[in-house]
Each structure stands twice: as C-alpha cells, then as structure tokens.
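> Quick one: structure below, then a few questions.
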Amino acid sequence: MRGLGFYLRLAGQGIGKNGRVYLPYIITCIGMVMMYYIVGALETSSIIAEMRGGQTVQEIMVLGEIVVGFFSLFFLLYTNSFLLRRRKKEFGLYNILGMSKRNLARVLLLENLLVAALALVGGLGLGIVFSKLAELSLSRLLAVGPDFGFEISPAAIISCLKLYGLIFLLLLLNSLRQVHMARPVELLRAPNFGERPPRSNWLLALLGVVLLGAAYGLAVTIEDPIMALGLFFIAVILVIMATYLLFMAGSVALCRLLQKNKRFYYQTRHFVATGNMIFRMRRNGAGLASICILSTMVLVMISTTGCLFWGKEDALLQRYPQDIIFAVRNVYGTENPADAEFWAARQAATMQYRGLIEQAMAERGWQAQNTLDFVHLDVAAFNRNGEMRFELAVYDDSNFLQQLDDITMLHFMTLADYNNSMNTALELQPNEIFVCEDLQRPYTLTDLRLPQTTLPDYQIKATLPAFPPTSLNNSILGVQELWLVLPDMAALEEVYAAQLEVYQGDRSLVNWYYSFDLPEDVDATKGMEVVQQVWNQVDELKFAEGDVEFPVYPSVSYNVRENERVWFYSMNSGLFFLAIVLALVFVAGALLIMYYKQLIEGYEDQSGFDILRKLGMTAREIRRSVNWQTLILFFLPLLVAGVHLLFAFPMLSKLIMLFGVTNMLLLSKICVTCYLVFAMFYILAYLITARLYYRIVTA
C-alpha cells in the first residue's frame with residue numbers, strides 16, 4: 001500500500017509539469033474567491049453601513065454575491081474540462097502501467113485539495129488586502145469622505161469557504177466520473193481526439209437567424225420603458241440561444257460555403273485554417289459563443305450603469321425638479337353631498353398647511369423661489385380617434401402594458417392656480433380651456449372631447465408654454481402628459497364627478513401640490529429643517545383633532561431633493577461599482593476561455609503542422625495560416641458583441657429612462673467608449689494567445 005507521500009508527490013508533479021495549463025486556472029480560482037470575498041465583505045461591512053447611502057449599496061451587493069457565486073460554479077466547471085482533457089493521456093499512461101482507477105482517484109483528490117487550498121488561501125488573503133481598496137473606491141463613487149479603519153469580515157470568509165468548498169467538491173466528482181467511465185486506450189488518445197467534422201446543419205443555423213431577428217426586432221421596436229423592462233430578459237434569452245446556434249451551426253455552414261469557393265479555399269493559409277476550423281467547429285463554436293456572450297454582458301453592464309452613474313444628477317433633477325415638494329392627498333370630494341361641511345373644513349385645513357410652510361420659511365428669513373401652488377386632478381384617459389375617454393379598462397393589469405400608447409394622463413388645474421403659479425393674468429370663458437405644450441407628444445386637436453360623460457366639449461383657446469416640471473410627470477413611462485387649465489373650481493368639480501362615475505373605487509383624487517426652491521445663498525441641505533418643523537406642527541393639529549374615521553386634516557407627504565440625493569447617488573453608484581466588479585470577473589472568464597482554446601488546440605494541431613512542414617510548408621506560410629485562423633476565431637465574437645450592443649441600444653435607452661436618465665447622447669458616448677476600451681484589451685489578449693498558439697504548433 002503506497003503511502004500518502006507518494007500520491008502527494010504525484011499530485012504535485014502533475015500540477016508542476018502542467019504549469020502552463022494549471023497556472024492560469026489557479027490564478028482564476030484565486031481571483032474568483034477574491035472577488036466573492038470583496039463583495040461579501042462590502043455587504044457586511046459596518047464602515048459601509050455607516051456611510052451616507054451605504055445601506056442601499058449593501059443591498060445591491062447581495063445581488064453581486066449571487067451573480068459571482070453562480071458564475072464561479074458554471075465557469076470553473078467549464079474551464080476544469082480543459083484541464084482534464086489535457087491530463088487524460090497522463091492518467092491513461094498511469095492506468096496502463098498498473099495504477100488502478102482508485103489510485104488515480106486519490107491523485108485527483110490530492111490535486112483538487114492542493115488547488116482548492118491555493119485558491120482559498122490566496123483568494124481570501126488578496127480579498128482581505130484589496131477589500132479596503134474596494135471600500136475606498138466605493139466611498140469615492142458615493143462622494144463621501146474615506147474611512148481609514150480596517151476590518152475583516154468573518155461572515156464573508158465563512159461564506160467563501162462554504163461556496164468554493166462545494167464548487168471544488170463538484171469539480172472533483174466530475175473529474176472522477178470522466179476518468180472512471182473512460183477506458184485506458186481512450187484516455188491515452190484523448191488529447192489527439194479532435195471532434196469529427198460536423199455536418200452543416202442549415203436548420204439550426206436558420207433557427208439561430210430567426211431567433212436573433214426576433215430579439216433584434218423586440219429591441220428596436222419597443223417604445224414603452226415599462227414594456228422594455230418586461231421584455232428585456234426575453235430578448236436576452238433569445239440572443240443567447242441565437243448566438244450559440246449561429247456560432248455552432250451557422251459557423252460550420254459558413255465554413256462549408258468557404259470550402260466550396262475554390263478561389264478562396266485553395267490558398268495555403270485559407271486551406272489549412274478553414275480545414276482546422278471545420279474539423280473542430282462544434283467545440284470552437286460553443287467557446288466562441290461563450291466569449292461573445294460574456295463580452296456583450298460586460299459592454300451592456302458597464303454602458304448602462306455608467307450612464308446611470310454619470311447621469312444621476314439629471315435623473316435627480318427630473319424626479320425632484322425643486323428643492324422642497326409638499327403633496328396633500330384628497331382635499332376635495334363629492335361622493336356624498338351631506339359631507340359638504342367636512343370637505344369645506346378639509347380645504348381650510350389644507351390652506352392652514354400652506355400657512356405653516358410660509359411661517360417656517362419666514363422664521364428663517366428665507367423667501368421661497370419658483371413657487372408652484374395648485375390643486376390638481378390627474379386622470380388617466382384613453383385617446384380614441386381624437387376623443388379622450390374614461391374607461392375602467394385602463395386599470396386592467398392584464399393588458400396594461402399594451403395600452404400605454406393609447407393612455408394620456410390628463411392633469412386638470414384651475415385658471416386661478418395657473419395664474420398664481422406662473423404669475424400671469426389669463427382669462428377663460430365657460431367651456432374653454434388652455435392646453436400646455438407637450439414637446440415630446442404634442443396635442444394637435446382644437447378641442448377636448450369626453451363623449452361618454454356629461455361634460456361639455458371643451459374648446460382649446462390657446463396652447464400655453466410647457467408647464468414647469470413637477471414630480472407628477474409620468475413621461476418616462478411613455479405616457480402622454482397633458483396639462484389642462486379649466487376656468488374655475490366648478491369646472492374641476494364637474495370633471496371629478498365625471499371620472500368618479502366611471503372609475504368608482506378606482507377614482508382619481510383631487511390633491512394639492514406645493515413646491516419651491518430655497519434661496520441661492522441657503523444651503524439646500526437645510527431644507528429638512530423646514531420640512532421637519534411643518535411635519536411636527538401637522539402632527540400636533542391631527543392629534544388635537546382626534547383620531548376619527550374621516551379626519552379633517554388630510555395626509556401630507558414631502559420630498560427634499562437633497563435628502564433624496566443620498567438614495568439616488570448610492571443606488572446608481574452601487575450599481576456602477578457592482579458592474580465593474582462583475583465586468584472584471586466576466587473579462588477574466590473570457591480571457592481564460594481564449595487562453596485554453598489556443599493552448600489545447602495548439603497541442604492538437606502540433607502534429608498536423610509538423611506533417612505540413614515535412615511536406616514543404618514554410619514557417620512564413622504557417623504563421624500566415626495561424627494569423628488568419630486566430631483573427632477569425634478571435635475577432636468574430638468581438639464583432640458580434642458590437643452588433644448585439646448596437647441593436648440593444650434602443651431597449652437600453654428605454655430601460656435607463658425608468659431611472660430618470662433621458663440623455664441618449666450620454667448613453668451613446670459611453671457605449672462607444674466602452675466598446676473601444678474593451679476592444680483594446682481584446683486585441684492585447686489576441687496578440688498574447690496567438691503567439692502562444694504559434695509557439696506550440698511550431699515547437
């Protein structure tokens with residue numbers, strides 16, 4: 001019975017003699033463990049939790065842990081197959097020389113333990129060291145001062161040990177399965193076993209074209225951001241399936257076509273390279289498709305989250321266009337005429353709120369700027385052949401997305417409130433209205449009709465300039481916004497009653513909107529002082545009134561832009577940081593696939609090129625053939641990834657609108673920059689791996 005030292009020596013020699021294969025794999029394992037620990041450490045860090053917006057970032061890091069964990073599992077299983085394929089000849093030789101498969105299993109067990117130990121010790125060590133750098137980088141993105149304290153996360157360490165312990169166990173079981181099921185002769189011949197030349201499967205290639213066309217069609221025709229969000233993952237799945245089909249079946253069909261072109265095929269560099277690609281294209285196709293998908297994921301993640309990061313201020317201003325926004329719900333109703341006294345008291349209470357706000361500002365000597373003060377009724381209506389219709393179907397969730405194009409959000413307000421907010425002195429006659437201009441989707445008709453109600457046909461007296469931005473807008477959803485100015489409160493009451501009759505319990509409410517900017521010389525962060533004072537005073541009023549079923553004092557909500565800035569910045573910065581981490585992981589995965597493809601295929605092609613040299617093929621001709629082959633195999637995924645990004649742009653532009661970013665020029669610049677920078681690293685990887693392949697086949 002051989003001792004443990006013998007098997008340990010065999011395991012160490014196996015790793016050492018195959019260092020060209022094992023070293024990149026071990027480095028990748030260390031990198032995966034390091035990234036997982038860093039994300040986990042940030043997710044549990046008390047320093048991050050105490051940062052402004054840190055808790056939001058930590059919630060995002062939970063998603064990062066899941067993604068890195070799943071990617072590590074599938075990617076390491078994938079790359080481990082390259083190692084095992086290279087070692088099978090060695091295992092076959094051991095088997096023929098008398099070593100049983102049980103003994104081979106011991107060697108595999110020790111090899112996996114050595115790699116796992118190196119990966120976990122190295123990964124956790126580097127993770128602990130670089131976690132502080134990641135923390136400082138994150139604090140920079142959050143625009144908060146750095147904390148130079150240092151802490152180690154036991155929870156992240158335990159999580160790493162559990163996850164990667166399980167992954168290495170699965171790698172071992174997979175290796176044992178393949179060695180156990182293979183015969184000694186198969187093990188000996190495995191490295192020289194190229195795949196049989198695959199047949200051209202035009203049906204699968206056509207299916208790939210159809211799926212890709214469907215995905216591209218979804219991406220370029222989608223108009224509504226909400227619908228884009230719902231269909232995004234469907235489009236992603238279609239693109240992944242189409243990419244694999246086209247690279248595996250379509251690439252074979254393309255090579256067959258090139259082979260039939262005699263003027264192209266019967267050239268030295270084309271003849272050898274095309275023959276090699278056809279011979280192994282099924283395996284090449286899967287690898288190339290994986291590289292393409294990983295490249296596309298990197299480009300999409302960095303482009304979208306980068307746009308959110310650099311566009312976060314614009315998004316904040318669009319969502320909260322003024323420093324302080326107060327909103328009071330349900331200030332008027334006509335459901336029961338007997339409640340007239342109650343509604344009169346509620347309107348008086350609303351005016352009392354205004355007095356509290358003005359008092360809080362006056363106590364500080366501040367003068368509100370750009371004040372918007374109006375009562376409004378926001379009703380969703382269908383645009384049917386030039387007529388606005390109140391229909392209950394607008395609230396049907398089953399087909400809401402399909403109805404967005406037909407929905408118009410009508411914002412009704414009175415002329416008195418408009419004149420007060422805009423400092424104008426406009427006049428209206430009964431049954432006349434003003435329409436505020438909508439620059440994105442203008443209203444071109446001369447009247448406003450609500451035919452299924454008792455309301456009159458309103459004549460549009462004039463189109464006014466666009467109403468100032470408010471937090472009430474739904475334009476990011478692709479819904480048309482119409483701001484309508486009615487003659488008086490009586491007209492607003494009629495509209496309220498008309499929509500109440502149709503929508504019943506789903507009716508819209510009459511609300512009060514009051515917003516303003518602080519003076520320029522006042523620190524915007526002090527806006528919370530005003531809000532807190534008003535909030536406390538409102539609570540005192542409600543408490544004095546008593547807790548009854550229909551309280552006179554309505555509920556009030558507020559938004560302070562500087563307060564909301566924390567959430568906006570932390571969310572967008574956290575997503576961008578996570579995208580950078582995942583991009584590093586995916587790029588490392590793509591580079592390792594490239595490396596192993598060139599390494600394994602170099603050894604497989606070595607004997608073939610040796611025969612060609614004996615037949616008279618010069619070193620220059622070999623280099624030209626190698627360059628042509630690697631150019632196609634390497635740059636095809638990069639080219640297709642660029643095409644994927646180009647067609648995904650319309651859908652991505654809709655998705656970022658949901659986050660309040662509407663600057664499409666910024667997204668365009670970031671997409672182009674990301675692609676060019678990624679292409680530079682891709683070219684560098686090509687130069688390194690092409691040289692590796694050439695050295696092997698000419699050795």
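Every read-out reported here was derived from the displayed coordinates using simple, explicitly stated rules and does not represent laboratory data. It should be emphasised that the depicted structure is a prediction, and the values quoted were computed from it without experimental measurement. Counting neighbours? That spans all protein chains shown, and the Cβs are built from the backbone with ideal geometry, glycine included.
> Say R0 is 45 Å: what FRET efficiency, to the nearest 0.05, do Lys669 and Asn174 get from their beta-carbon distance?
Details: r = 45 Å, r/R0 = 0.99.
Efficiency for this residue pair is about 0.50.
> Using Cα centres only, tell me the gap between segment 462-525 and segment 112-137 in whole Å.
Here the answer is 55 Å between Cα centres.
> Residue by residue through segment 488-499, what is 3J(HN,Hα) from phi via Karplus (6.51 cos²θ - 1.76 cosθ + 1.60, θ = phi - 60°)? Round to whole Hz and write x for glycine and proline.
Per-residue couplings from phi come out as 7, 5, 4, 5, 5, 4, 5, 5, 4, 5, 5, 6 Hz.
> So, one more: For Tyr458, which sequence-distant residues (separation of 5 or more, or a different chain) have an amide H within less than 5 Å of its own amide H, given hydrogens modelled in the peptide plane?
Those qualifying (amide H under 5 Å, at least 5 residues apart or on another chain) are Leu448, Leu450.
> Right, here's the next one. Past 29 Å, Cα to Cα: identify those pairs from Lys17/Lys597; Lys132/Lys162; Lys132/Lys312; Lys132/Lys597, in the order given.
Numbers: Lys17/Lys597 19 Å; Lys132/Lys162 23 Å; Lys132/Lys312 25 Å; Lys132/Lys597 35 Å.
Beyond 29 Å between Cα atoms: Lys132/Lys597.
> To continue, here is another question. Report the label-to-label distance for Phe233 and Leu584 in nanometres (one decimal), using points 7 Å from each Cα along the Cα→Cβ vector.
Distance between label points: 2.8 nm.
> Going by amide H atoms built from the backbone, whose H comes under 5 Å of the H on Leu464, apart from near neighbours?
Val435, Cys436, Glu437
> What's the exposure ranking of Glu135, Glu59, going from fewest to most Cβ atoms within 10 Å?
Result, fewest neighbours first: Glu59, Glu135.
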